[in-house]
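The values are calculated or read from the model by the stated rules, or taken from the named source; none is laboratory data. A quick note: this is a predicted structure, and the numbers were derived from the prediction, not measured. Cβ placement follows ideal geometry from the backbone for every residue including glycine, while neighbour counts extend to all protein chains displayed.
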Amino acid sequence: MNGRQDQNKRLSSLGKKLAYLVPLIVTVVAAYFGALAVPEFGRCFGFEPGGSTHPLCPYKPTKNQAAPPQFPLETGSYSAQGSLYHNSWQEIASTPNRSCIVQVAGPTNAFTEGNLQTTISSISWHDGDFYVDATGFAISIHSSTSFRDGFGPDIWHHQTSRLGHIDQLNQCLSSKDKYVKTEIEKTFIPKRAQ
């Protein structure tokens, strides 16, 4: 009977080892064949160069791997509410492959002489968001006619489809690389696209 108990113990021990090894072997085999069928799956298990070799790594594509979507904001002039923004506005223009923004910062008081600073910037897509290249701020899109972008604390709302800086926007839209240009002029009350 003693030999039978030893044999049962060995089988029990072998069963426990197999219970641990079989799922591991199945996972490795599935990962290998999954790497052949779906390369993204293989990256996680190290079957593709540059992939993670950690066996618990669920592969998730990074946000920059996705192609940039069509820029969702309507072309036109945008303004924010509040007395601080009497003389400030933004303009946006887009083509199917590129978007640009004009940020106009004027004096906070409509009756005070001051500088008008105009920044024309390309908009880029990375890390799953659109960014204003001039500032590095992400554009938080609320709807196709409202957004927030770090240019003032308020939400900017679409006011008109007319653009006051069409020539500068066309230069930005026709450039291939990151585009940033700033102009400063002395003004009383800035001209605004109506």
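Couple of notes before you dig in:
- Among the conditions (1) under 18 Å from THR95 (Cβ atoms); (2) loosely packed, with under 13 Cβ neighbours inside 10 Å, GLN171 misses just one, which is (2).
- Any hit, segment 107-128, residues being at pLDDT below 95, under 26 Å from LYS181 (Cβ atoms), charged (D, E, K, R) and assigned by TED's automatic domain parsing to the domain that holds TYR179: yes
- Residue in segment 147-162 that is crowded, with 20+ Cβ neighbours inside 10 Å, at pLDDT below 95, more than 20 Å from ASP177 (Cβ to Cβ) and charged (D, E, K, R) present: yes
- If you go through segment 140-156 and keep only what is assigned to a loop (DSSP other than H, G, I, E, B) and in contact (Cβ under 8 Å) with a residue 40 or more places away in the chain, you end up with SER144, THR145, ASP149, PHE151, GLY152, ASP154, ILE155.
- Test: residue in segment 173-180 that is assigned by TED's automatic domain parsing to the domain that holds ILE101 and either within 16 Å of ASN87 (Cα to Cα) or assigned to a helix (DSSP H, G or I) (or both): yes
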